[in-house]
Amino acid sequence: MFIDPLYLLLFIGTMALSIFASWRVKGAYARYSQVPASSGMSGAQIAQRILDLNGIHDVSVRSTQGLLSDHYDPSSKTLVLCEENYHGTNVAALGVAAHEAGHAIQHQQLYAPLQWRMAAVGITTIVGNIIPFVGMGLLYIAPKIAIPVLALCFGVVMIFQLITLPVEFDATARAKHILAHTGAIAPGAETTAMSKVLDAAALTYVAAFISALGTFLYYVMHMLGGRNNEE
Ligand SMILES: [Zn+2]
């Protein structure tokens, strides 16, 4: 089986980027979850406080197992924090909780990129299920059909990751602003530590976008016939 060296390079490059981004976020979290917040508030308390301050009364805050599985689910209006962040009174827990509350505020305010992202979830999930079949099977049986399909699929994934960027950066900007104004995080060392956790988390989304963009461009280039002579 022939493996395109450019594909191998792309695969290794995107893999390395993703491992680096996740290593950074885990490192920042491990380090700064040891820094207590002088306000003494827990992640769950700050999340509830932010929702209250914004007049959001239909979002429930609950805990789940699985470290850093924190998210906001717009369909069920649930703000989910991992147990460590739900109960944690450290700057990392407060940062993550405020970030997720930022998504709830985006939802309430009908923040456009969040609306686009919600609209794109269905098609992106379908595409994610199609890609392995096309990439593993059809690509070897009928490459002339598979390559345009893969270009289209990775185009959808790339657009989804692109839309995710403003959603995530905006939630983090809101979190930093709110934490400073509510006094949940003290200025100085606490704020710097909290920012490092949220900035490292944002980098994982940039890495995901770069990977999707690289893969999309790879298949577009193939489709345009630049490397067809290798078949
Ligand atoms: Zn987020």
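In this structure, VAL134 does not satisfy being touching a residue at least 12 places away in the same chain (Cβ under 8 Å), more than 24 Å from the chain's Cα centre (by Cα) and within 13 Å of TYR218 (Cα to Cα).
Could you tell me whether region 195-202 includes any residue that is in contact (Cβ under 8 Å) with a residue 40 or more places away in the chain, within 13 Å of the ligand (Cβ to nearest atom), basic (Lys, Arg) and part of a helix (DSSP H, G or I)? There is no residue in region 195-202 that is in contact (Cβ under 8 Å) with a residue 40 or more places away in the chain, within 13 Å of the ligand (Cβ to nearest atom), basic (Lys, Arg) and part of a helix (DSSP H, G or I).
The residues of region 82-101 that are surrounded by fewer than 24 Cβ atoms within 10 Å (Cβ to Cβ), over 13 Å from ALA30 (Cα atoms) and over 17 Å from the mean Cα position of the chain (by Cα), listed by number, are GLU83, TYR86, HIS87, THR89. Being farther than 15 Å from VAL197 by Cα, free of Cβ contacts under 8 Å to residues at least 60 places away in the same chain, away from the ligand (no atom under 16 Å from the Cβ) and not hydrophobic (A, V, I, L, M, F, W, C) is the requirement here; does ARG49 meet it? No: the conditions fail for ARG49. Against the list (1) surrounded by 16 or more Cβ atoms within 10 Å (Cβ to Cβ); (2) more than 13 Å from the ligand (Cβ to nearest atom), the condition SER76 fails is (1). Which ones in region 191-200 are surrounded by 17 or more Cβ atoms within 10 Å (Cβ to Cβ) and either among the polar types (S, T, N, Q) or modelled with pLDDT under 95 (or both)? Scanning region 191-200 gives a single hit, SER195.
For region 65-78, the count of residues that are of a type in the set (Ser, Thr, Tyr) and in contact with a Cys (Cβ under 7 Å, 6 or more places away or on another chain) is at least one. Considering each residue of region 165-176 in turn, at least one proves to be polar (S, T, N, Q) and within 16 Å of the ligand (Cβ to nearest atom).
Checking each residue in region 21-48 for being over 20 Å from the mean Cα position of the chain (by Cα), buried (at least 18 other Cβ atoms within 10 Å of the Cβ) and outside any loop (DSSP other than H, G, I, E, B) picks out ALA44, GLN45, ILE46, GLN48.
Can you tell me which residue among GLY95, GLY128 is touching a residue at least 12 places away in the same chain (Cβ under 8 Å) and within 16 Å of the ligand (Cβ to nearest atom)?
Values: GLY128 fails: within 16 Å of the ligand (Cβ to nearest atom).
Matching residue, one of GLY95, GLY128: GLY95.
Against the list (1) in contact with a Leu (Cβ under 9 Å, 6 or more places away or on another chain); (2) more than 15 Å from the ligand (Cβ to nearest atom), the condition MET136 fails is (1). Here LEU68 qualifies as within 16 Å of the ligand (Cβ to nearest atom), modelled with pLDDT under 95 and aliphatic (A, V, I, L, M).
The values are calculated or read from the model by the stated rules, or taken from the named source; none is laboratory data. Everything numeric in this text was worked out from a predicted model, so none of it was measured. Because the Cβ atoms are built from the backbone with ideal geometry, glycine has one as well, and the counts that use them run over all protein chains shown.
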